[in-house]
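One structure is given here, and the rest of the page talks about it.
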């Protein structure tokens, strides 16, 4: 007599274990340090190794701009370190100061961009009025993503990804000062090079959770979209008229 095979009514599906957020502390701390190194290499010759406030910069506003943006990178390293060591309480307290610093950075970024426009400076081959669209949209990207990160501070996975992408948008100026022909004084090529940070974040998401986090997806797409659409916008007569108005006003 044949013995019937009994099958469970609710078969259990085998699942492949994924790392999850186990390595988040190490990953985001490492990314912050790499960003710090990126900024230092870019501005070492003209700013950090030139004495910082004693560096021969063209105006006071550029000095303040450089100091505020340097503080942001240092704060990013500190904040990721506090989380990694379990001092979330300090991280949260400094988060308020970080948001206020970000607001100051946006203000100084706009003023510094307008100051450069007033002086008619810009990378070789780009007129100052066209170049004005780059730092202005950088501030738009940074302000939008930091605001969203502040709103999502109770959602750590989204919060830290938004901060990382927002900081990525600030790296173009540093990368464009690297001593490599491919990116030196070429903001468009520097922007493409900065996307390496986005690719690394996407790869980490896929490795750790088998999917790209929603914050990574929309924040990265927003950054790339604005950075690419600003090029044709900067070439329009309307933008040149606006930049010309800002230039005359700043004088």
Which residues, counting only those in region 145-171, are in a helix (DSSP H, G or I) and more than 11 Å from the chain's Cα centre (by Cα)? 147, 148, 149, 150, 151, 156, 157, 158, 159, 160
For residue 174: the one exception among (1) part of a helix (DSSP H, G or I); (2) farther than 25 Å from residue 247 by Cα; (3) in contact (Cβ under 8 Å) with a residue 12 or more places away in the chain: (2)
Could you list, in sequence order, the residues of region 232-245 that are surrounded by fewer than 18 Cβ atoms within 10 Å (Cβ to Cβ) and either in a loop (DSSP other than H, G, I, E, B) or touching a residue at least 60 places away in the same chain (Cβ under 8 Å) (or both)? 233, 235, 236, 240, 244
For residue 207, indicate whether it is in contact (Cβ under 8 Å) with a residue 12 or more places away in the chain, out of contact with any strand residue (DSSP E or B) (no Cβ under 9 Å at 6 or more places or on another chain), over 27 Å from residue 110 (Cα atoms) and surrounded by fewer than 20 Cβ atoms within 10 Å (Cβ to Cβ). yes
Condition first: at pLDDT 90 or above and in a helix (DSSP H, G or I). Now tell me which residues in region 177-190 satisfy that. 189, 190
Residue 212 being farther than 26 Å from residue 62 by Cα, modelled with pLDDT of 95 or more and either assigned to a helix (DSSP H, G or I) or within 16 Å of the chain's Cα centre (by Cα) (or both): no
Enumeration of residues in region 72-120 that are touching a residue at least 12 places away in the same chain (Cβ under 8 Å), farther than 21 Å from residue 35 by Cα and within 17 Å of the chain's Cα centre (by Cα): 110
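The values are calculated or read from the model by the stated rules, or taken from the named source; none is laboratory data. Here the structure is a predicted model, which is why all the values come from computation and not from measurement. All Cβ positions, glycine included, derive from the backbone under ideal geometry; neighbour counts span all protein chains shown.
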